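Structure, as structure tokens:
The values are calculated or read from the model by the stated rules, or taken from the named source; none is laboratory data. For clarity, every value in this text was computed on a predicted model and none was experimentally measured. For neighbour counting, all protein chains shown are included, and Cβ atoms are generated from backbone atoms with ideal geometry for every residue, glycine included. SASA here: full protein model, heavy atoms, side chains in, ligands and nucleic acids out. Shrake-Rupley method; radii C 1.70, N 1.55, O 1.52, S 1.80 Å.
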Amino acid sequence: MGKISKFMIVLLALLALGYYWLLVNAGPANAPARTIDIAAIRRAADALPGEKPTAVTFAPMALRHIPGAALAAGTGLRQVTSGVITWRLETAGGGIVIDPGLSEADAHSMGFKFYDRRARALVDRWMDQANMILFTHAHVDHVGGFLDHPRFESIVGKAVVSEGMVGNINGLWRENARLLDQPRKLGPIEAVAPGVVLIQAPGHTPASEMIYVRLASGREYLFAGDTVSLSVNAEIPTPRSRLVADWLAPEDRPAVIGWLKGLKALKEKNPDLVIVPSHDADWLAANGDANGIAMAKELRQLAETK
Ligand SMILES: [Zn+2]
């Protein structure tokens, strides 16, 4: 064998190894499963008196196409639609907003190609009307739209910011952050409104939360944040690729794998519970309606008249 072909074989082997490690490997496989105590969560959801939310609406704000394996290791290079999506729980009051998205400038610097300014304006109005604003975690694509709200002083008091989220928020260098109230001391499972429960789920960030919602109809949702960026994360289960999770957006990978194992087991025992992925625009388009998650009618009308 010539020197060149030996060199090529070594090079190809290294490339294959790199591809496997960065985009396929879903380990460590022995990461212990985290238990999600659904009985305690349901009790908390029923503990606060009052009307539970009646519906879930969403607003897609930014979109881009990326290889699926980036956000779900081992799922191949087929393109998926990653979205920044804001959720609104309809309530008897002004609603509850979950993860208010980000500014156009931040969307572009993160590589999102498509940005809907009408969705941004709608989510800003949702925050004006809301009586509560919640975050699955404090990365810029989840809290940026809150910190950059044009009427920040009038909405800041509605946000439930945990002690652990403050570090991430300060890292975003927003002048507005100094107006934040004292952070909330939250238990591992804590109801914040009738039917709405925050579950501490450290892993993707040290202060990541999952948000459980039980509607007045009895339908149950678990907003899993970036632990489940794509629906397939909890189905296989498989975490984000090492390329993203070890290099671009570092996270506690064994903890995330543990939560994903726990979520898969939870879904097997409770098939009607909807685990809502944070960035899965394709899942929403295919399964949103069947799961009672409707696009905001303001944006739906615009989409139809385009
Ligand atoms: Zn995110």
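L71 meets all of the listed conditions (1) farther than 27 Å from A290 by Cα; (2) of a type outside the set (G, A, S); (3) surrounded by 19 or more Cβ atoms within 10 Å (Cβ to Cβ) but one, namely (1).
Would you mind finding the one in A281, A245, A286 that is among the hydrophobic types (A, V, I, L, M, F, W, C) and more than 16 Å from the ligand (Cβ to nearest atom)?
Testing whether each residue is among the hydrophobic types (A, V, I, L, M, F, W, C) and more than 16 Å from the ligand (Cβ to nearest atom) leaves just A286.
Residues in region 1-57 that are of a type in the set (S, T, N, Q) and modelled with pLDDT under 90 were compared, and the one that is farthest from I293 (Cα to Cα) is S5.
Restricting attention to region 250-278, the residues that are small (G, A, S), within 16 Å of the ligand (Cβ to nearest atom) and more than 13 Å from the chain's Cα centre (by Cα) add up to 0.
Taking region 214-241 as the search range and keeping residues that are part of a loop (DSSP other than H, G, I, E, B), within 16 Å of the ligand (Cβ to nearest atom) and of a type in the set (S, T, N, Q), which one is surrounded by the most Cβ atoms within 10 Å (Cβ to Cβ)?
S241
Checked against (1) within 16 Å of the ligand (Cβ to nearest atom); (2) part of a strand (DSSP E or B); (3) open to solvent by less than 50 Å² (accessible area, probe 1.4 Å), R64 meets all criteria but (3). The single residue among A290, A249, A255, A281 that is among the hydrophobic types (A, V, I, L, M, F, W, C), surrounded by fewer than 18 Cβ atoms within 10 Å (Cβ to Cβ) and in contact (Cβ under 8 Å) with a residue 24 or more places away in the chain turns out to be A249.
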